[in-house]
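Since the structure comes first, as structure tokens, the remarks are kept for the end.
The values are calculated or read from the model by the stated rules, or taken from the named source; none is laboratory data. This structure is a prediction, so every number in the text was calculated from the model and none was measured. Backbone-built Cβ (ideal geometry, glycine too); neighbour counts: all protein chains shown. Heavy atoms of the whole protein, side chains included, go into the accessibility calculation; ligands, DNA and RNA do not. Shrake-Rupley method; radii C 1.70, N 1.55, O 1.52, S 1.80 Å.
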Amino acid sequence: MKTSQDLTASLKRAATAIEATIAALLPDVTGDEQILIDAMRYASLNGGKRLRGYLATEVASIFHAESRGALRVAASVEMLHAYSLVHDDLPSMDDDDLRRGQPSTHRKFDEAIAILAGDALQTKAFEILASAETHPDPAIQVRLVAALAEASGAAGMVGGQVVDIRGEGRNLPIDQVRRLHAMKTGALIRYAAVSGAILGGADSRERAMIDAYGRDLGTAFQVADDVLDSTATEAELGKTAGKDAASGKSTYVALLGIEGAKAEAARLAESAVASLSIFGERADALRALARYVVERRN
């Protein structure tokens, strides 16, 4: 069984490899568009847990997928995630000046460059998946592209952002809050797990178990995030604390209370772990990760 120290070391190793892959995929260019590359690199290489990328590489390793392709898939999902954060921080969205303790991309550059950097990170994510360097089989490439498109579009992350915006100032019932966060946050985490299974050629039963793990992990992550937004400091979060309550958003904490939300996160983490039983000790890192997401402080 993996200890928390084992997981921390594993996360750090993966983050270093994923960031090196992102950097290699965003080389300098000549011409005025260099500022776009600078903004893309700033947004995608400014730290973070690399949880989604780690999920992709760790699941891929269970199925003995080639590590170079797994790192490219990890870089792709991290770029997609970075784009979403750049746009989230904009004045027309969450209006946040801080991201991971540093000025948000639109503060470091300007709004126009930030918007375009987000656009370019999104398209780059799909370009990476559609390459033979990620996987030589075009069918695998198509499955990865289709799965990411579904997870990040109107049926997933972006749709969830719309539901979130329209829900501000309203007391949404728990079923709507679950749906909102399953789309906004959970869908991309769920995809990250499934992408490793696609890359590794998992069979239908194996993929279903990884999908169930990713679904519960994504929800547990969001519940824990709601708790942190209410209990952690700005220094711990690396962004403005208490934004959800100030914006009148419906959260798990608002509906369940802090202790109730903590209990719900723990329940979901254990449900995620239960989905991994068929993989034996090969999935120990994923089990440790499920518990980590509900115990973290940022």
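Inverting the mean 1/r over all pairs of different Cα atoms, compute the Kirkwood radius of the stretch 76-136 and quote it in Å.
The answer is 12.0 Å.
Rounded to two decimals, what is Rg over Rh for the stretch 60-196 when you use alpha-carbon atoms and the Kirkwood radius?
Ratio of gyration radius to Kirkwood radius for the stretch 60-196: 1.02.
In the stretch 4-295, how does Rg compare with the Kirkwood Rh, expressed as the Rg/Rh ratio over alpha carbon atoms?
Details: Rg = 18.2 Å, Rh = 19.2 Å.
Rg/Rh for the stretch 4-295 comes to 0.95.
Given the chain, what count of lysine pairs have C-alpha atoms under 15 Å apart, with each pair 8 or more places apart or on different chains?
Eligible lysine pairs with Cα atoms under 15 Å apart amount to 5.
Along the charge dipole of the chain, which of 189, 292, 159 sits closest to the positive end, that is, farthest toward it, with unit charges on the beta carbon of Lys, Arg, Asp and Glu (+1, +1, -1, -1)?
So the residue furthest toward the plus end is 292.
Alpha carbon centre of the stretch 247-298 versus the stretch 21-82: separation in Å?
25 Å
Given the DSSP H assignment, sum -39500 (n - 2.57) over each helix run of at least 4 residues in the chain and divide by its residue total; what's the result at 222 nm in deg cm²/dmol, nearest 500?
My calculation for the chain gives -22500 deg cm²/dmol from helical runs alone.
Kindly state, to the nearest 0.05, the FRET efficiency for residue 165 paired with residue 270, given R0 = 45 Å and r defined as their beta-carbon distance.
The value I calculate is 0.90.
Which distance in nm do the two modelled labels at residue 4 and residue 16 give, with both placed 7 Å along the Cα-to-Cβ direction?
2.3 nm
Using all Cα-Cα distances in the stretch 1-59, what percent lands in each 10 angstrom bin from 0 up to the longest?
20, 44, 22, 11, 3, 0
May I ask for log10 I(q)/I(0) of the stretch 34-77 at q = 0.15, 0.16, 0.31 Å⁻¹, from a Debye sum over the Cα atoms as equal point scatterers with solvent left out?
Here log10 of I(q) over I(0) equals -0.44, -0.48, -1.02.
Evaluate Rg over Rh across the stretch 16-90, taking Cα atoms for both radii and Kirkwood's formula for Rh.
Looking at the stretch 16-90, the ratio lands at 1.02.
Quick one: pull the percentage of alpha-carbon pairs in the stretch 151-217 with a separation above 19 Å.
Above the 19 Å cut-off, the stretch 151-217 has 39 percent of its Cα pairs.
To two decimal places, what compactness ratio does the stretch 1-127 give when its Cα radius of gyration is scaled by 2.2 N^0.38 Å?
Cα-based Rg divided by the globular estimate yields 1.10.
Which value, in Å² rounded to 10, gives the accessible area of residue 38 with a 1.4 Å probe and all protein chains present?
70 Å²
Please state the Cα pair-distance histogram of the stretch 119-167 with 10 angstrom bins from zero: what percent is in each bin?
Over the stretch 119-167, the share of Cα pairs per 10 Å bin runs 26, 43, 23, 8, 1 percent.
Can you tell me which of 146, 125, 17 moves the most in a GNM of the chain? Springs connect C-alpha atoms under 10 Å apart.
Highest fluctuation of the listed residues: 146.
Treat the stretch 247-294 as a sphere of radius equal to its Kirkwood radius over Cα pairs and apply Stokes-Einstein at 25 °C in a medium of 0.890 mPa s; give the translational diffusion coefficient in µm²/s, rounded to a whole number.
205 µm²/s
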